[in-house]
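Heads up: the structure comes next, in structure tokens.
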Amino acid sequence: MPGMETIAEFDGSREDAGRRLAETARSYKSGRRERHRRIYRYLGGDAYYVYVQGAVFTHEMVLRAAELVWNSDSEPRQ
């Protein structure tokens, strides 16, 4: 999808995913020099809005946790 990228994949519980997501919201580097960062958690806790202010530009991103529910690669091939 345009404007989306996978930052990390891992196996673990929902609680593990929540901790990893919060940690990523604090530490993910957007590639620009950062002066200030604000992080907002969406209700439900499965997504964060991250606002990064740089010297010249601002960068905004939404980080979400998603659970893989099906993968065609795991289907037996005929």
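Taken together, the values in this text are just the output of simple stated rules run on the coordinates, not laboratory data. All values derive from a computational prediction rather than experimental measurement. Reconstructed Cβ throughout: ideal geometry from the backbone, glycine too, with neighbour counts over all protein chains shown.
Figures for the structure shown
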{"read-out": "Helix-only mean residue ellipticity at 222 nm for the chain, each DSSP H run of n ≥ 4 adding -39500 (n - 2.57), per residue, nearest 500", "value": "-6000 deg cm²/dmol"}
{"read-out": "Of the GluC sites (Glu not before Pro) in segment 2-78, those whose Cβ has at most 11 other Cβ within 10 Å and which sit in DSSP loop", "value": "GLU5, GLU9, GLU67"}
{"read-out": "Whole-percent pair-distance distribution, where bins are 5 Å wide, for the alpha carbons of segment 14-66", "value": "4, 21, 32, 20, 12, 7, 2, 0"}
{"read-out": "Angle in degrees between helix 14-27 and the longest Cα principal axis of the chain, rounded to the nearest 10", "value": "30"}
{"read-out": "Mean separation of Cα contacts under 8 Å, 6 or more apart, over the residue count of segment 1-75: relative contact order %", "value": "23"}
{"read-out": "Residue order, fewest to most beta carbons within 10 Å, for MET61, MET4", "value": "MET4, MET61"}
{"read-out": "GNM top mover of LEU43, LEU63, LEU21 - the chain, alpha-carbon springs below 10 Å", "value": "LEU43"}
